[in-house]
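The values are calculated or read from the model by the stated rules, or taken from the named source; none is laboratory data. Owing to the predicted nature of the structure, the values given are computational and were not obtained by experimental measurement. Reconstructed Cβ throughout: ideal geometry from the backbone, glycine too, with neighbour counts over all protein chains shown. Ligands, DNA and RNA are excluded from the accessible area calculation, which covers all protein heavy atoms including side chains. Shrake-Rupley method; radii C 1.70, N 1.55, O 1.52, S 1.80 Å.
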Amino acid sequence: MMCGLPGYFRRIFKTSQGYYCRRSFGVLTGQQYTSSGSQQYDGRLYPSHIPTSSVQKAILAVGSGVAALKNPYRHDMVAVLGETTGHQALIKLRDRMRNDSEGCTILVERPRIRLSTLDLTQMSSLPDGTLGREYLRFLEENRVTPDSRADVKFVDNEELAYVMQRYREVHDLLHTLLGMPTNMLGEVAVKWFEAAQTGLPMCVLGATLGPLRLSVSRLQLLVQSLGPWAVRSGSRARCVLSVFYERRWDQNLDELRHQLNIEPPPVNLFPSSKKTSSNS
């Protein structure tokens, strides 16, 4: 992750004060953490937290933004950009979750979407067209794993850090809900939905600049069909972070879309040989 980055940018990831990021796959807690072997508070609000000043956050935002523009698949840089620019949007998302009974439960229980928390055998036995079966199919066909989502580091509020983590871990579920593949057109369509739904600057930037990488034919499809659908659905839908997906694996995908006020995708971007919920 550090290759090709300026020296100061790297030092923010690993500083002399000992704030080096330690990966944590457990539930984020509200404890204040102390450095090993000492009871002295070291400034961290959760295990993976790296305290940074406003100036450091600005440097991180610029550096990660440039790196992400050069290579949109640098998920580490996209993650840093989201964390250093999304404070106000995260507050609004947190408030929406607090005002939703299911979202409030999520904030209290702090579920994590990891391979260790998924019953893959049970999900694979579910009927086609259910959320759990289609999500597992998406992971298998695209060779992705929820464990690839990095832990939040630069959000200086423990609860907001969890909101960002939840957003990050439901991203693949949004692909499933929206029926979008992981190619550039599918990713841009999801970003248009996320920009309208979350207001995160990272999503707005991706939705704005992502189309520049599309071919003329795919850009036309985005502008005329997928884009308006994604923005309309993102604006009207219930907060997607307030859905306890882990308790809905056996729910029919079309039924869930209807409950969330998400319109079915206007076109099928998957090869015709693959099953999707729309034709199950």
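Using the Karplus equation 6.51 cos²θ - 1.76 cosθ + 1.60 (θ = phi - 60°), what ³J(HN,Hα) coupling, rounded to whole Hz, does each residue of region 85-93 give in order, writing x for Gly and Pro?
Listing the rounded values in order: 10, x, 4, 5, 5, 5, 4, 5, 5 Hz.
Using each residue's phi in region 58-65, evaluate 6.51 cos²θ - 1.76 cosθ + 1.60 at θ = phi - 60° and report the 3J(HN,Hα) Karplus result to the nearest Hz, with x for Gly and Pro.
3J(HN,Hα) across region 58-65, in whole Hz: 5, 5, 4, 4, 5, x, 5, x.
Per-residue accessible area for Ile91 at 1.4 Å probe radius, Å² rounded to 10?
Its accessible surface works out to 40 Å², give or take rounding.
What accessible area, in Å² to the nearest ten, does a 1.4 Å probe give for Glu263?
Approximately 60 Å² of Glu263 is accessible to the 1.4 Å probe.
For region 150-179 and region 70-124, what is the separation of their Cα centres, given in Å?
So the separation of the two Cα centres works out to 2 Å.
Give me, ordered by chain and number, the residues 5 or more places off Thr130 or on other chains with an amide H under 5 Å from its own placed amide H.
Under 5 Å from the amide H of Thr130: Leu253.
Largest first, what is the accessible-area ranking of Leu69, Leu221 with a 1.4 Å probe?
Leu69, Leu221
On the first, second and third principal axes, largest extent first, how far apart are the outermost C-alpha atoms of region 185-250 in Å?
41, 26, 18
Ranked from the most accessible area to the least, with a 1.4 Å probe and all protein chains present, what is the order of His49, His75, His258?
Greatest to least solvent exposure: His258, His75, His49.
Based only on the alpha carbon positions, what is the Kirkwood hydrodynamic radius of region 107-224, in angstrom?
After inverting the mean inverse Cα-Cα distance, the result is 15.7 Å.
How high is the FRET efficiency between Ser215 and Arg143 when r is their beta carbon distance and R₀ equals 30 Å, given to the nearest 0.05?
The value I calculate is 0.80.
Let me cross-check Thr130: its accessible surface, 1.4 Å probe, with only protein heavy atoms counted, in Å² to the nearest 10?
Looks like 10 Å² after rounding.
Explain nothing, just compute: Karplus ³J(HN,Hα) = 6.51 cos²θ - 1.76 cosθ + 1.60, θ = phi - 60°, for every residue of region 144-159 in order, whole Hz, x for Gly and Pro.
Residue by residue, region 144-159 yields 10, 9, x, 6, 7, 6, 5, 6, 5, 10, 10, 8, 8, 7, 4, 5 Hz.
Seen from all sides and averaged, what is the projected area of the convex hull of the Cα atoms in region 66-168, in nm²?
Over all viewing directions, region 66-168 projects a mean Cα-hull area of 7.9 nm².
Multiply the residue gap between Ser235 and Ser54 by 0.36 nm, knock off their C-alpha separation, and tell me the result in nm, one decimal place.
Contour length minus the Cα-Cα distance gives 62.1 nm.
Provide Ile59, Ile113 ordered by accessible surface of protein heavy atoms (probe 1.4 Å), highest first.
Ile59, Ile113
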